[in-house]
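The values are calculated or read from the model by the stated rules, or taken from the named source; none is laboratory data. Since the model is a prediction, treat every value here as computed from it, not as a measurement. A quick note on method: Cβ atoms are made from the backbone with ideal geometry, for glycine too, and the neighbour counts reach across all protein chains shown.
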Amino acid sequence: MPLNYALSWLLNFIIMAVIAAIVDKAYENKIEEHQLLGAFILFAMPTLIELASFIIRGRPSLF
């Protein structure tokens, strides 16, 4: 069971790193707002849902 928590948090960390890289590149390359919103929906929403699941259920939902 502890491995499940570790894998879930590792996956969330990787997803958040991708989000940070996208936002950084967005401001550097003047990416349009709708493209940034699309990236947020694609990457951040699953992470936020996973965090909400962890808070509500007390365990990650992926494993």
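A few notes on this one:
- Any pair with Cβ under 8 angstrom, 6 or more apart, that starts in segment 7-27 at a residue that is without any contact (Cβ under 8 Å) to a residue 24 or more places away in the chain and ends at one that is assigned to a helix (DSSP H, G or I) and of a type in the set (Phe, Trp, Tyr): 22/43
- Residue match in segment 27-42 (condition: among the β-branched types (Val, Ile, Thr) and modelled with pLDDT of 75 or more): yes
- Whichever residue in segment 8-37 is polar (S, T, N, Q) and farther than 26 Å from residue 55 by Cα and, among such residues, is surrounded by the fewest Cβ atoms within 10 Å (Cβ to Cβ): 29
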